[in-house]
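**Q** If you scroll down you'll find the structure; I have some questions about it.
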Amino acid sequence: MKSADDNPRTPLCTPWLGEPEIKAVNKVLQSGWVAQGPVTASFEKALAGFVGARHAVAVSSGTAALHLCLLALGIEPGDEVLVPSHSFVAVANVISYVGAVPVFVDIQPDTYNMDPTPLDQALTSKTRAVCPVHQVGLPVDLDPILAFAQAHRLKVYEDAACALGSEYKGRRIGSHSPLACFSFHPRKLITTGEGGMVTTDSDELAENLRVLRHQGMTVTAHERHRADDFKQVHFPVVGYNYRMTDIQSAIGLAQLERMDEILKRRNAIAARYEELLGPSPHLKLPVVPDYAFHNYQSYVVRLDPSAPIGRDQLVQRLMDKGIGAGAGVGCVHREAPYRNLVRVPLPHSEAATDHTFMLPLYPQMTDDQVQRVVEAVLTIAK
Ligand SMILES: *Cc1c(COP(=O)(O)O)cnc(C)c1O
């Protein structure tokens, strides 16, 4: 048996943290203000600038961001929301939080993103909103979805949890529709431990989101703390504690500084995978349409039925070699809370879930590690 040192483990992904993040956190701790305050305001401003939106509202997770969007858009119990099943379960859970019903729609067989063509099959008199998801960071073809939403007077909010830095038609994801939600879970492009952000060009939606994340309160804790005069506080709506702390925001600001390098390195690794794995007849590599710049939050490969090995076995064999491979994105409609909600057929979603797998890809990954992953895949799927 080989020792761990002969064959160091290559994880699927690992956050890139170092001195800048540690220094930034120390500074916040020394300041004495550790809850949401001025550093979060700076992080919001920087992130809004990065994606090109007027406003960014920091929250405690990507899931919280999605939940607040549904509330800000006025989605109510019994309303229906069109959403892909081929995604992370949070996309449906947040719809359940507001008592609405997720109606699952199928994906395109090549991009694995929401297919705009069959959306009308899922439409009913109760449909109120549509949630395009930029799955694994690859932008969905937004324009046909936005046109469909406009034609049927549906609200739109984007799940951009994985899509920081990705571009649709030359513009970064974050202001193509009224609302876009980002996640800063360690599995995403940058991390704050846990955290999320909603970006919007609408002053009204931004204000609404700020009130909702803070118990429905009209004055922030930081404003009240700094005020010389007495401020009466009111809670005109039911809100949540979905605040991001300044400790998290300090990490986020330091991480944002790394974005150029992160995007470059992720794309370089993807290009290397494409060059070395592309010739294999058994593998179908990610498709990036002309309208998209991909941040490669994940590298999803499809195993052709002609391959001499099944997907699950392939992933297991890679894991045995110390390579943190994983199954592809799941289907929400296969999970217990959502099993009875299938209205329209989802063949492409199911096929993608059954036949795809993910390979390690993260900025600190070395060329040697990429080489080792490639050799392992080609040996196993020969
Ligand atoms: C990660 C993710 C979320 C949830 O983000 P959290 O910050 O973990 O709450 C939502 N949707 C998609 C598509 C995701 O990948």
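The values are calculated or read from the model by the stated rules, or taken from the named source; none is laboratory data. Bear in mind the structure is a predicted one, so any value in this text is a computation, not a measurement. Glycine gets a Cβ as well: all are built from the backbone with ideal geometry, and neighbour counts include every protein chain shown. Accessible surface areas use protein heavy atoms only, side chains included; no ligands, DNA or RNA. Shrake-Rupley method; radii C 1.70, N 1.55, O 1.52, S 1.80 Å.
**Q** Quick one: among Arg311, Arg128, Arg343, which has the greatest mean-square fluctuation in a GNM of the chain with alpha-carbon springs under 10 angstrom?
**A** Arg343
**Q** Just the number please: accessible area per residue for the stretch 108-202, 1.4 Å probe, all protein chains included, in Å².
**A** Dividing the accessible area of the stretch 108-202 by its residue count gives 33 Å².
**Q** Now for a separate question. Report, in debye and to the nearest 20, how large the dipole of the chain comes out about its Cα centre when Lys and Arg carry +1 and Asp and Glu carry -1 on their Cβ.
**A** Numbers: 36 positive and 41 negative charges, 87 e Å.
Rounded to the nearest 20 debye, it is 420 debye.
**Q** Quick one: P(r) of the stretch 151-250 from all Cα-Cα pairs, 10 Å bins, percents rounded to integers, in order of increasing distance.
**A** 13, 35, 34, 14, 3, 0
**Q** Looking at this model, which pairs from Lys155/Lys264; Lys155/Lys188; Lys264/Lys382; Lys23/Lys169; Lys23/Lys264; Lys155/Lys284 are more than 28 angstrom apart at the alpha-carbon?
**A** Lys155/Lys264; Lys264/Lys382; Lys23/Lys169; Lys155/Lys284
**Q** Just the Cα atoms of the chain: what Rg and Dmax do they give in Å?
**A** Expressed in Å, the Cα Rg and Dmax of the chain come to 21.5, 74.
**Q** Additional query: Please state the shape class of the stretch 28-140: rounded when a/c is under 1.5, otherwise prolate if a/b exceeds b/c and oblate if not, all from the C-alpha gyration tensor.
**A** Prolate, since a/c reaches 1.5 and a/b exceeds b/c.
**Q** Continuing with this model, one more query. Figure the gain on full extension for Val219 and Met319 (residue separation times 0.36 nm, minus the Cα-Cα span) and round it to one decimal in nm. Let's see the in-between values first.
**A** Details: separation 100, 0.36 × 100 = 36.00 nm, distance 5.08 nm.
Here the answer is 30.9 nm.
**Q** Starting from the 7 Å offset along Cα-to-Cβ, what nm value, one decimal, do you get for the label separation of Arg226 and Ser31?
**A** 1.0 nm
**Q** How about the stretch 130-189: which trypsin sites (Lys or Arg not before Pro) there are in a DSSP loop, with at most 11 other Cβ atoms within 10 Å of their Cβ? Provide the component values of the computation, followed by the final result.
**A** Numbers: sites: Arg153, Lys155, Lys169, Arg171, Arg172, Arg187, Lys188; in loops: Arg153, Lys169, Arg187, Lys188.
Sites meeting the loop and neighbour criteria: Arg153.
**Q** Continuing with this model, one more query. As an exercise, identify the chymotrypsin sites (Phe, Trp or Tyr not before Pro) in the stretch 166-273 lying in DSSP coil whose Cβ has no more than 10 other Cβ atoms within 10 Å. If you can, show how the numbers build up before the last one.
**A** Numbers: sites: Tyr168, Phe182, Phe184, Phe230, Tyr240, Tyr242, Tyr273; in loops: Phe184, Phe230, Tyr240, Tyr242.
Sparse-neighbourhood loop chymotrypsin sites (Phe, Trp or Tyr not before Pro): Phe230.
**Q** Ok, one more. For the stretch 161-230, build the charge dipole from Cβ charges (+1 Lys, Arg; -1 Asp, Glu) around the Cα centre, then report which of Met197, Pro186, Thr220 sits farthest towards its positive end.
**A** Pro186
**Q** Counting other Cβ atoms within 10 Å, keep those with at most 16, restrict to DSSP loop, and tell me which chymotrypsin sites (Phe, Trp or Tyr not before Pro) in the stretch 284-329 are left.
**A** Details: sites: Tyr291, Phe293, Tyr296, Tyr299; in loops: Tyr291, Tyr296.
Loop-located and lightly packed - Tyr291.
**Q** Set Lys and Arg Cβ to +1 and Asp and Glu Cβ to -1, take the dipole of the stretch 265-342 about its Cα centre, and tell me which of Gly326, Ala270, Val300 lies farthest positive.
**A** Farthest towards the positive pole: Gly326.
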